[in-house]
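First the structure, in the form of structure tokens, and then the observations on it.
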Amino acid sequence: MNYEAFAAQLDHIQERATASLAGIDASDALAAWEREFLGGKGELTMLMRSLGGIEAGQRPDAGRRANEVKKGMTAAYSAKEAAIKFGGLTTRLAAEAVDVTLPGRKPNIGYAHPISLMIEELSEIFALMGFQTVFGPEVETTHYNFDLLNIPADHPARDVWDTMIVDTPSDAIVMRTHTSPMQARVMENTSPPVRVVVPGRTYRYEAQDASHEWMFHQLEGLAVDKTIRMSDLKGVLQELARQLFGPTRRIRFRCDFFPFVEPGVDFAVDCAICYGKGCRVCKGSGWLEMGGAGMVHPNVLRGVGIDPEVYTGFAFGLGVERMLMMRHGINDVRAFAANDLRFLAEFASFSAHAGRGSSV
Ligand SMILES: [Zn+2]
């Protein structure tokens with residue numbers, strides 16, 4: 001081959017390579033181009049291998065010329081490679097762009113369960129009247145759950161509670177049926193004066209319906225001192241009703257029987273919806289029953305070594321769910337354990353509105 005023919009082929013390759021490269025915009029096409037022209041078996045490489053066939057006098061010029069073309073094509077390849085890489089980055093950046101001007105998504109910080117909020121509120125109300133909040137075991141012995149509360153084994157009142165009995169050889173362990181066992185536990189460990197409230201879970205073998213749950217919450221109250229009278233009980237419950245349901249609320253006592261008090265009463269608050277006239281919420285009676293209460297039975301005081309000739313006391317119990325249902329017009333007790341966030345979220349701010357405040 002002479003120099004002229006070599007140079008013509010070189011020009012031809014360069015032209016086609018340049019034209020071909022201009023249309024490339026992806027890295028796989030670029031790799032194919034590189035194989036076609038610059039690779040080990042590429043056109044330029046093959047042509048340069050034929051340099052040896054050129055006349056010796058023209059060979060250096062031909063080699064110089066070929067190297068210039070190769071250098072130019074290699075530079076064009078590198079430039080295209082960078083352009084494709086940079087172009088891809090731009091596209092990706094555009095696709096993954098974060099709009100920092102959008103307002104943030106508010107995290108859900110959660111809140112206490114309405115039962116917890118009500119227990120907290122009740123504890124605060126009673127704290128203002130000098131009562132300390134204590135907690136007791138949910139698994140109890142029959143000794144505390146019944147015997148010390150003036151309900152001996154042969155007493156028909158034991159049947160009233162539909163007790164869940166823990167499977168032990170003696171059957172002497174039960175899921176507590178009320179928070180009242182803490183009356184005896186507190187009095188055993190504390191000398192009068194005693195003023196405590198005991199909130200917590202209680203358990204009964206109940207068929208569930210809109211007003212019955214097998215697990216529910218009570219709040220027990222107990223005051224023992226030398227001059228405690230029925231009027232003290234009435235004053236405390238009156239204050240409770242007014243704090244919970246409004247400053248003009250009145251309460252009503254009616255005779256009732258509980259083995260651990262004498263005399264015993266049920267207490268009710270006048271309906272805040274109809275002011276005693278009778279409506280759907282109070283089922284026409286004008287009154288909403290809050291719980292049971294009475295003067296501590298002398299046998300209960302004796303059982304824990306307190307002389308009923310010297311000391312007297314009152315006790316009361318109320319349902320925590322019931323207080324919420326009455327105040328917020330809830331007609332199904334099962335709502336509290338159904339775990340429906342739409343229901344539970346309704347109570348997120350009620351303690352703050354109640355004025356006594358909750359940090360939750
Ligand atoms: Zn009413």
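Evaluated with a Cβ-only charge set (Lys, Arg +1; Asp, Glu -1), the chain carries a dipole of roughly 1040 debye about its Cα centre, given to the nearest 20. Here the relative contact order of the chain, from alpha carbon pairs under 8 Å that lie six or more residues apart, stands at 14 percent. Rolling a 1.4 Å probe over the protein heavy atoms gives the range 126-282 an accessible area of 50 Å² per residue. The shape of the range 76-224 comes out prolate: with a ≥ b ≥ c from the C-alpha gyration tensor, a/c is at least 1.5 and a/b beats b/c. Spin-label model, R334/A76: points 7 Å from Cα along the beta carbon direction are separated by 8.1 nm. Taking the Cα atoms of the range 143-208, the ratio Rg/Rh between the radius of gyration and the Kirkwood radius comes to 0.99. List the cysteines in the chain whose Cβ has no other cysteine Cβ under 4.7 Å from it. Unpaired cysteines in the chain: C255.
Dipole size of the range 1-55 about its Cα centre, with +1 on Lys/Arg Cβ and -1 on Asp/Glu Cβ: approximately 180 debye, rounded to the nearest 20.
Only one residue of F343, Y203, V139 has its Cα farthest out toward the positive end of the dipole of the chain, where Lys and Arg carry +1 and Asp and Glu -1 on Cβ, and that residue is F343. Average 1/r across all pairs of distinct alpha carbons in the range 1-93, invert it, and you get the Kirkwood radius: 14.2 Å.
Taken along the Cα-to-beta-carbon direction at a fixed 7 Å, the label points for E262 and L93 span 9.0 nm. For the chain, the 222 nm mean residue ellipticity estimated from helices alone, with every DSSP H stretch of n ≥ 4 adding -39500 (n - 2.57) and the total spread over all residues, rounds to -12000 deg cm²/dmol. Shape of the chain from its Cα gyration tensor (a ≥ b ≥ c, root eigenvalues): rounded if a/c is under 1.5, otherwise prolate when a/b > b/c, or oblate? It is prolate, given that a/c is not under 1.5 and a/b is the larger ratio. Spin-label model, A348 to A31: label points 7 Å out along the Cα-to-beta-carbon direction sit 5.3 nm apart.
Inter-part distance, the range 130-164 to the range 71-121, computed on C-alpha centroids, equals 61 Å. The length gained by stretching the chain between D154 and K283 to full extension, at 0.36 nm per residue less their Cα-Cα distance, is 42.8 nm. Listed by chain and number, the lysines whose alpha-carbon sits under 29 Å from that of K234, ignoring those within fewer than 8 places in the same chain, are K226, K277, K283. Hey, for a label at I109 modelled as a point 7 Å past Cα toward Cβ, could you say which residues of the range 120-155 have their backbone N under 20 Å away? Output list for this probe position: 120-121.
The values are calculated or read from the model by the stated rules, or taken from the named source; none is laboratory data. Computed from a predicted model, the values in this text were never measured in an experiment. Methodologically, a virtual Cβ is constructed for each residue, glycine included, from the backbone with ideal geometry; neighbour enumeration extends over all protein chains shown. Surface accessibility is based on the protein's heavy atoms, side chains included, excluding ligands, DNA and RNA. Shrake-Rupley method; radii C 1.70, N 1.55, O 1.52, S 1.80 Å.
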